[in-house]
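Taking it in order: structure first as structure tokens, then the write-up.
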Amino acid sequence: MKKLSVLLLFITIVFLPTLQAQTSIEVMHEAGVSNLFLRYEYGVNTQNTNLAEVKDAQYFPGISYSPRFNFFEEDGEGSSSFSINLNNDFLFGNLLSSSFEKKSWAFMSTLSFNLNLGAGATKNSFEQFGGFVGIGYSYSNIHLINNSLLNRITESVIADPTITPDYSKATVPLQGIYLHLGGRMKVGSGVVTLEGYSTLTPELNGVYTIGIRALYGFGIGL
């Protein structure tokens, strides 16, 4: 709840005045590939083939689709806009479920608020290059390991080897404040986007998430 409050305050201060000044709205679509990198300071090996082995570093490829609403000045040149984006990633690999079991795919959805400049800022932008920066909130059914909770479970097993550990109590979904930025280049009737992103989960010490997307935006003005 605290993270959401910080996010709403940031949006109100930075983006709301810009949004109030805009007069036109348009919808754009981007699709491409997404790559998520998870970094654990310490890997976890449960020595059970039914459970996922969490290594120090993991990589998950996937596909991405992102519609966005652009807000811009109708009488402007289309070289800047404020947008609301909905990123949807479908990722594949040896992912971790809430019960610490293996699963082969997962999703990550993100609602973000962005400032766009240059190419791709609007459909009618004539700029060859551009970029953007944004903030939002991300949620995924990928689960991460809370090391402090996992240590408690491990200590209980050491104290009493006869008990069956419940690893599900040591996992939490990947969610939190989302930050991303990137560049765009106009190619034909579309625009190519390369962006980096990260989801901040302060309650998870020693776990880092970094992602890279390469997208193609459709319906850009010539």
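Tabulated data
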quantity	calculated
Estimated FRET transfer efficiency (V27, L194; beta-carbon r; R0 22 Å; 0.05)	0.50
Gain upon complete extension [N205, R39; 0.36 nm per residue less C-alpha separation]	58.7 nm
The range 104-181: radius of gyration over Cα atoms, expressed as a fraction of 2.2 N^0.38 Å	1.83
Distance in nm between pseudo-label sites at S97 and L181 (7 Å out along the Cβ direction from Cα)	3.9 nm
Two-site label geometry, S168 and S148: point separation in nm, points 7 Å out along Cα→Cβ	2.3 nm
Qualifying chymotrypsin sites (Phe, Trp or Tyr not before Pro) in the range 82-179, DSSP loop, other Cβ atoms within 10 Å at most 16	F126
FRET efficiency estimate (nearest 0.05) - Cβ-Cβ, F107 to I158, R0 30 angstrom	0.25
Within the accessible area of the range 142-218 (1.4 Å probe), percent carbon and sulfur	65 percent
Solvent-accessible heavy-atom area per residue, rounded to whole Å², over the range 64-222 at 1.4 Å	46 Å²
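The values are calculated or read from the model by the stated rules, or taken from the named source; none is laboratory data. Predicted, not measured: the structure shown is a model, and the values here were computed from it. Positions of Cβ are backbone-derived with ideal geometry, glycine not excepted, and every protein chain shown enters the neighbour counts. Ligands, DNA and RNA are stripped out before the accessible areas are found, and what is left, the full protein with its side chains, is counted by its heavy atoms. Shrake-Rupley method; radii C 1.70, N 1.55, O 1.52, S 1.80 Å.
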